[in-house]
Amino acid sequence: MQSKGLKDLGYEYLLLDDCWMAEKRGEGSHLQADKAKFPNGIKSLVSKLIPGFKIGLTSSADEKSCSGSNKPGSLGYENLDAMDFGSWGIQHLRYEYCNDSGDNRKANSLKVMKDTVSQFSYDILFSIWAQDYSNLDPNLAD
C-alpha cells in the first residue's frame, strides 16, 4: 500500500472482507483465521502492518457470513467476537446485515456489537453494510 502511493492518496485502512475466517470456530467458540490464508492468525498480521496503516475486517450479524459460504458469522457470539477483535488490534469493523428474514435477533446483533466495540480502549470505526435497512433501528447511528 505504501509503495503504490496509496497512503499519499489518503488510504489508511486495509480491510479483510468476508471469508478471512476458518470454516469453524475454534476452542472456546472463538473465531479463528483461515490457516491457509493467514497461517499465523490476524493478531500477527496486525503486528506486521506498516505504521500509519490500520486494519479492519468483516463479520456478519447472521449465523453465517454474508458470502454464501459456510464461514461463521457473529450472531450469538457478538461479545466474544468483539473482544477478540479488540485483542487482535482491529481498527475497523464492517458488520454485515444480510439475508433479512425479519428476525429481530439479527437487528439486535447490530446493537450488541456496536455497544461492545464502543467499549474498546481505542477508537474503532464501526460500519454497517445492509442489503435491506427496513428492520434496522434508526438509533444505531447514535
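For the set Lys48/Lys106; Lys4/Lys114; Lys24/Lys111; Lys43/Lys114; Lys7/Lys106; Lys35/Lys106, the pairs lying more than 31 angstrom apart at their alpha carbons are Lys48/Lys106; Lys4/Lys114; Lys7/Lys106.
The share of accessible area on the chain that comes from carbon and sulfur is 49 percent, using a 1.4 angstrom probe.
Straightening the chain between Lys37 and Lys64 buys 7.8 nm, computed as 0.36 nm per residue apart minus the Cα-Cα spacing.
By how many degrees, between 0 and 90 and to the nearest 10, does the Cα long axis of helix 104-117 differ from the longest principal axis of the chain? Tilt of helix 104-117: around 40 degrees. Peptides 55-63, 87-95, 110-118, 12-20, ordered by how many other C-beta atoms sit within 10 Å of their residues on average, highest first, read 55-63, 87-95, 110-118, 12-20. Here the range 36-72 is scanned for amide nitrogen atoms under 17 Å from the site 7 Å beyond the Cα of Arg25 along Cα-to-Cβ, giving 59-66, 70-72.
Taking each residue as 0.36 nm, the span from Asn79 to Ile50 lengthens on full extension beyond its C-alpha to C-alpha distance by 7.6 nm. If you plug the beta carbon distance of Ser3 and Arg105 into 1/(1 + (r/R0)^6) with R0 = 35 Å, you get a FRET efficiency near 0.20.
The values are calculated or read from the model by the stated rules, or taken from the named source; none is laboratory data. Note that this is a predicted model, so its numbers are computed, not measured. Here the Cβ is made from the backbone with ideal geometry for all residues, glycine too, and neighbour counts use every protein chain on show. Note: areas computed on protein heavy atoms with side chains; ligands, DNA, RNA excluded. Shrake-Rupley method; radii C 1.70, N 1.55, O 1.52, S 1.80 Å.
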